[in-house]
Amino acid sequence: MCGRYSLFAPQNAVIDLLDATPERDLEPRYNMAPGEELPVVRDAASDRIEFHKWGLVPHWADDDSNGLINARAETVAEKPSFRDAFEQSHETGGPQAGRCLVPADGFYEWVDESGGTQPYRVTRTDDRPFAMAGLWSTWETEIEQVGLDAFADGEASTETRRMLTFTVVTTEPNDLIEDLHHRMAVILDEAEQREWLTADPADAGELLDPYPADEMRAYPVSPAVNDPTNDAPAVAEPLDPEP
């Protein structure tokens, strides 16, 4: 699975990767966690890097209490929570759901070892940022507003609360990741990014394969990454830096 990741590559490198402009500056992030507003590029706004909540809430959900941080590549076309987004269906999901790119420059996995659990950071061997395959959905609810005016005329007004959410698609691990976890995030090479946003479902499904293991590396990091409030360069540094 992908439950924590980082993005502290230079902003210009991220812009070049995604061919999109951020709606606000990309602050360096070393420990990005579910529930936070994080950068994505949606198919519905492919020239912009927007910020949306990590934890997909389907547009038809009754409440927003159970956001889904990952979606299995094998079932995105079948699961009701993800089907509308994956199919970009205007009949059922309309502009309320679709596919997105989730920029990162590394992600974390935890391994059971003697004495406890050891976190590892996984990156490209060249340390360049990359785009993970994602799905997005809009969730809306009506909130009743009760103010002084309501007491005067006996009526309360309502306000629509709109929230954009996303999830990261995962697939079978490559040879490197399988020693760390039984799933890994789908990493798209640069030639696949626009195809993921625009292809029909059958072709998009062909993109959801493991990234080549020989283009990735993994190294142990401090257990400080376990706490998502620890968002500093130290959590991404190797425990035993090479000389």
Could you check, for segment 51-64, whether at least one of its residues is crowded, with 18+ Cβ neighbours inside 10 Å and farther than 17 Å from Trp139 by Cα?
no
Filtered residues of segment 191-211 (kept if over 20 Å from the mean Cα position of the chain (by Cα) and surrounded by 14 or more Cβ atoms within 10 Å (Cβ to Cβ))
none
Tell me whether segment 105-112 contains one or more residues that are under 20 Å from Ile187 (Cα atoms) and in contact with a His (Cβ under 6 Å, 6 or more places away or on another chain).
yes
Total residues in segment 1-56, condition at pLDDT 95 or above, part of a loop (DSSP other than H, G, I, E, B) and of a type outside the set (Gly, Ala, Ser)
13
Within segment 204-228, track down each residue that is in contact with a helix residue (DSSP H, G or I) (Cβ under 7 Å, 6 or more places away or on another chain) and in a helix (DSSP H, G or I).
Ala204, Ala224, Val225
Contact list, first residue from segment 125-136 and closer than 20 Å to Thr170 by Cα and in a strand (DSSP E or B), second anywhere and among the hydroxyl-bearing types (Ser, Thr, Tyr) and modelled with pLDDT of 95 or more, beta-carbon distance below 6 Å, six or more apart or interchain, is Leu135/Thr167
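Any residue that is of a type in the set (Asp, Glu), assigned to a loop (DSSP other than H, G, I, E, B) and within 14 Å of the chain's Cα centre (by Cα) - is there at least one of those in segment 60-79? Steps first, please.
Going through segment 60-79, the residues of a type in the set (Asp, Glu) turn out to be 62-64, 74, 78.
In the following step, the residues that additionally are assigned to a loop (DSSP other than H, G, I, E, B) were identified as 62-64, 78.
Keeping just the survivors that are within 14 Å of the chain's Cα centre (by Cα) gives none.
No, segment 60-79 contains no residue that is of a type in the set (Asp, Glu), assigned to a loop (DSSP other than H, G, I, E, B) and within 14 Å of the chain's Cα centre (by Cα).
The values are calculated or read from the model by the stated rules, or taken from the named source; none is laboratory data. Since the structure is predicted, the reported quantities are computational estimates derived from the model, not experimental observations. Cβ sites come from the backbone with ideal geometry, for glycine too, and all protein chains shown count toward neighbours.
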